[in-house]
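See structure below.
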């Protein structure tokens with residue numbers, strides 16, 4: 001039996017093409033079934049199939065008149081048809097040396113007549129065949145062959161169209177991701193300007209030799225605050241970068257007393273207008289202390305930013321096997337239409353100069369701890385953001 | 001000799017900083033936390049110059065600058081100076097400085113006619 005394998009380089013390229021068209025193992029499809037229907041009817045045969053020739057198997061995209069999903073790749077028939085550009089015709093398979101050993105011929109099916117056109121991509125690779133089959137030996141006319149060729153072209157057109165559509169969607173997704181990344185970088189670098197400017201201004205004031213003790217202390221306080229802000233921005237950016245491509249963030253869960261965690265987070269703000277109310281007893285939460293601190297910082301930062309110096313009330317309490325940290329402000333509030341989207345990546349409110357990342361990251365980190373964040377708001381009156389985490393005892 | 005400067009910025013620490021620097025240079029500073037407050041102050045007081053943030057509640061820095069630049073040296077001190085904004089400032093004959101450029105701002109102030117002797121030698 002002569003070898004029916006292509007030189008390996010060509011076969012490798014052909015298999016690459018088969019992968020690229022993403023057709024193997026896809027569900028049955030009317031567009032392809034109609035073609036085999038037309039082919040069988042026009043050539044007046046009981047069987048017509050569309051096959052894709054894989055490395056070790058022949059997979060059927062459409063099979064009319066025969067019930068089969070795939071068969072082993074054997075010499076002859078589709079395996080041979082896929083290696084040439086002209087139609088492959090066998091008028092009596094039992095007598096043709098190329099095919100007389102083939103399982104389809106010797107076996108139950110008793111295939112006698114086979115005519116196939118290769119499915120040739122624009123790039124010149126043969127993915128598989130469109131063929132017509134009979135269990136009686138017969139010839140095929142020029143018209144039938146021409147029609148088969150045309151139908152094969154229709155199959156290829158269909159495959160090309162679908163590939164182009166998929167590629168367009170993928171390109172669009174990449175463009176969106178790049179645009180988002182650019183917006184985030186621009187937003188963060190903008191936001192950094194203010195704390196950097198303040199720090200610089202503070203440091204030059206600190207060089208004055210007439211500073212009172214009070215002024216010096218106030219400068220140090222502001223320095224800490226703006227350095228904290230800068231640190232938060234850098235952290236936010238790093239977190240965002242590590243999450244690109246929808247990677248899950250790493251969290252370290254342990255039973256954590258949230259009272260000191262919240263207190264420490266609030267310390268960074270040095271703001272008289274922020275109050276903390278703890279409704280004891282507060283059981284330990286099953287949480288990542290550092291991520292939780294980050295979330296609380298973000299919620300408080302948000303609240304102070306949008307409350308324009310007004311009071312911000314932080315409350316910590318237990319409810320139904322959860323621990324809840326709520327941050328309430330009396331600022332502008334959030335429009336009901338926007339409420340659903342505040343936690344989306346890159347959502348920015350109408351007056352926001354932020355990156356739109358903070359609340360998104362808060363949500364991601366809350367969910368990664370098996371908790372969540374929620375918001376309640378009244379336009380014109382203020383908002384309350386709440387972080388909800390499971391208690392440690394729920395898990396034991 | 002007018003020794004008053006208007007500083008408008010919604011960020012209290014920026015106001016604090018600018019007030020501290022300007023006071024040491026012999027200026028008296030009136031602070032506004034919003035664009036609206038700034039406009040109110042402008043209309044009721046005389047200033048030697050106006051230093052304005054851009055993104056503020058109420059009126060924006062640009063809106064305030066449109067009024068103030070008619071009669072006094074005005075600078076927009078902001079992190080958001082894009083080319084379009086800069087072009088508008090040129091039209092108004094108004095200076096635009098990045099938020100990080102405190103040195104540039106102090107040079108502007110020192111260059112004002114009637115700049116008083118600094119309080120600190």
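The values are calculated or read from the model by the stated rules, or taken from the named source; none is laboratory data. These figures come from a predicted structure and were not determined experimentally. Note: ideal-geometry Cβ built from the backbone for every residue, glycine included; neighbour counts use all protein chains shown.
Among the residues of region A:378-392, those that are within 17 Å of residue A:365 (Cα to Cα) and in contact with a helix residue (DSSP H, G or I) (Cβ under 8 Å, 6 or more places away or on another chain) comprise A:385, A:387, A:388, A:389.
Within region A:225-248, one or more residues are surrounded by 12 or more Cβ atoms within 10 Å (Cβ to Cβ), more than 24 Å from residue A:310 (Cβ to Cβ) and within 14 Å of chain B (Cβ to nearest Cβ). In the condition set (1) assigned to a helix (DSSP H, G or I); (2) at pLDDT 90 or above; (3) more than 11 Å from the chain's Cα centre (by Cα), residue B:13 is compliant with all but (2).
Taken over region B:18-40, the criterion of being under 17 Å from residue B:54 (Cβ atoms) and either within 11 Å of chain A (Cβ to nearest Cβ) or over 11 Å from the mean Cα position of the chain (by Cα) (or both) is satisfied by B:18, B:33, B:34, B:35, B:36, B:37, B:39.
For region A:104-114, the tally of residues that are out of contact with any strand residue (DSSP E or B) (no Cβ under 7 Å at 6 or more places or on another chain) and either assigned to a helix (DSSP H, G or I) or buried (at least 21 other Cβ atoms within 10 Å of the Cβ) (or both) stands at 3. Under the condition of being out of contact with any helix residue (DSSP H, G or I) (no Cβ under 6 Å at 6 or more places or on another chain), in a loop (DSSP other than H, G, I, E, B), under 22 Å from residue B:23 (Cβ atoms) and within 14 Å of chain A (Cβ to nearest Cβ), the residues counted in region B:58-109 number 1.
Residue by residue, here is whether (1) within 14 Å of another protein chain (Cβ to nearest Cβ); (2) surrounded by fewer than 13 Cβ atoms within 10 Å (Cβ to Cβ) holds:
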{"residue": "A:157", "(1), (2)": "no, yes"}
{"residue": "A:172", "(1), (2)": "no, yes"}
{"residue": "A:188", "(1), (2)": "yes, no"}
{"residue": "A:198", "(1), (2)": "yes, no"}
{"residue": "A:206", "(1), (2)": "yes, no"}
{"residue": "A:212", "(1), (2)": "yes, yes"}
{"residue": "A:223", "(1), (2)": "yes, no"}
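Picking from residues in region B:1-13 that are within 13 Å of another protein chain (Cβ to nearest Cβ) and in contact (Cβ under 8 Å) with a residue 40 or more places away in the chain, the one that is farthest from residue A:220 (Cα to Cα) is B:7.
Among the candidates A:351, A:370, A:376, single out the residue that is in a loop (DSSP other than H, G, I, E, B) and at pLDDT 85 or above. Going through A:351, A:370, A:376 in turn, just one is in a loop (DSSP other than H, G, I, E, B) and at pLDDT 85 or above: A:370.
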